[in-house]
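Heads up, the thing below is written out as structure tokens.
The values are calculated or read from the model by the stated rules, or taken from the named source; none is laboratory data. Please read all numbers here as calculations on a predicted model, not as lab measurements. Because the Cβ atoms are built from the backbone with ideal geometry, glycine has one as well, and the counts that use them run over all protein chains shown. When the accessible area is computed, the model is the full protein with side chains, heavy atoms only, and any ligands, DNA or RNA have been set aside. Shrake-Rupley method; radii C 1.70, N 1.55, O 1.52, S 1.80 Å.
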Amino acid sequence: MPATSSVTLNTGAVMPTVGLGTWKSQPGQVEHAVEFALKNGYKHIDTAAGYQNETEVGQGIKASGLPREQLFLTTKLDNPDQRNPAAALEASLKKLDTPYLDLWLMHWPAPMTRDGKADKGHDWLDTWKTMEDLYLAHPDKLKAIGVSNFSVEYLERLLAVARVVPAVNQIELHPSCPQDDVVEFCQKKGIVLTAYSPLGSDNSPLLKNETVTKIAQKYGVQPANVLISLQANKPMRTVLPKSVTNERILNNAKIVDLTTEEINELHAIDKTHHFRACHPSWTGFGGIGFPDCK
């Protein structure tokens, strides 16, 4: 199918398909990356309290001169803040210097203590209920809420009691981690998927994969463009390429329409070369329901 330029959330809001990711983008670099991206056609910026760069992302947004209403801005509730989402929301709004968020995600279904240990005395489902309360009470501050790093098992648990269906589930998605079970479940429930690490994260071996390079040569683009385009060619899907260099930020925005055969070829990579760059075990909660992490 041809690539999209935007998707519509279950709230009715429009979310640009390609956004600038800022994970591991350091203060001192990320301000410029955000400013440059917004001055060169991007309208979607993704950050998180856990990235510790919300202040700088906010500075980049201001420096770009782009009116706030033309920007789609996502941030995430950090794991150690799950016992007090209201304070965390206010802190994110203040750091980003914005009156509202277009999307606020629970970063992981993994409450943690301030010293980085699993907080097993708190249920993430209670955190979601508080996020719902905030969303319903403050439509001026929160346009949508969603989740990140949620498996089918955890989504089923959430939807069994949710008053608000998550607008988005942001997960690792690339040819070596296609997560077909999560994709299928979210599509049935009207939940948009946002793909992080579309290149397979740092120093991705996927950039040298023969299938990827062959398709890139056909279209006269970089291998990165093929991997980003794979996500943009899927329905109900947005994608977050990440860079702090001008040339790559510009290049990553080039999306090509892939054929069904090419999409199938890229999907077949997982059969011989599966990997997950961001394994959930670091949270202290094990595989959090992902079949390849059990």
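Brief remarks follow.
- From Pro178, Pro223, residue being within 26 Å of Ala167 (Cα to Cα), open to solvent by 10 Å² or more (accessible area, probe 1.4 Å) and modelled with pLDDT of 95 or more: Pro178
- Candidates Gly116, Gly58 - the one that is among the small types (Gly, Ala, Ser) and crowded, with 20+ Cβ neighbours inside 10 Å: Gly58
- Matching residues, segment 250-274, being assigned to a loop (DSSP other than H, G, I, E, B) and either more than 18 Å from the chain's Cα centre (by Cα) or among the β-branched types (Val, Ile, Thr) (or both): Lys254, Ile255, Val256, Asp257, Leu258, Thr259, Ala268, His273, His274
- Candidates are the residues of segment 78-113 that are among the aliphatic types (A, V, I, L, M) and more than 18 Å from His44 (Cα to Cα); the one that is surrounded by the fewest Cβ atoms within 10 Å (Cβ to Cβ) is Ala87.
- Members of segment 94-121 that are in contact with a strand residue (DSSP E or B) (Cβ under 9 Å, 6 or more places away or on another chain), closer than 17 Å to Pro280 by Cβ and either modelled with pLDDT under 95 or not hydrophobic (A, V, I, L, M, F, W, C) (or both): His107, Pro109, Pro111, Asp119
- Each residue in segment 211-239 was checked for being assigned to a helix (DSSP H, G or I), in contact (Cβ under 8 Å) with a residue 12 or more places away in the chain and farther than 17 Å from His267 by Cβ, and 3 pass.
- Every pair of residues 6+ apart whose Cβ atoms lie under 8 Å, when the first sits in segment 148-164 and is at positive phi and open to solvent by less than 50 Å² (accessible area, probe 1.4 Å) while the second is modelled with pLDDT under 95 and not in a helix (DSSP H, G or I): Asn149/Cys278
- Selection of segment 44-55 for residues being open to solvent by 30 Å² or more (accessible area, probe 1.4 Å) and assigned to a helix (DSSP H, G or I) yields Gly50, Tyr51, Thr55.
- Selection over segment 62-75 of residues that are surrounded by 23 or more Cβ atoms within 10 Å (Cβ to Cβ) and in contact with a helix residue (DSSP H, G or I) (Cβ under 6 Å, 6 or more places away or on another chain) gives a count of 1.
- Here Glu247 meets each of (1) over 21 Å from Phe185 (Cβ atoms); (2) in contact (Cβ under 8 Å) with a residue 24 or more places away in the chain; (3) of a type outside the set (S, T, N, Q) with one exception, condition (2).
- Counting residues in segment 130-142 that are under 18 Å from Gln170 (Cα atoms) and outside any helix (DSSP H, G or I) gives one or more.
- Candidates Gly58, Gly28, Gly41, filtered to the one that is in a helix (DSSP H, G or I) and over 30 Å from Ala118 (Cβ atoms): Gly58
- Matching entry among Lys188, Lys254, Lys242, Lys208 (being without any contact (Cβ under 8 Å) to a residue 12 or more places away in the chain and open to solvent by 70 Å² or more (accessible area, probe 1.4 Å)): Lys188
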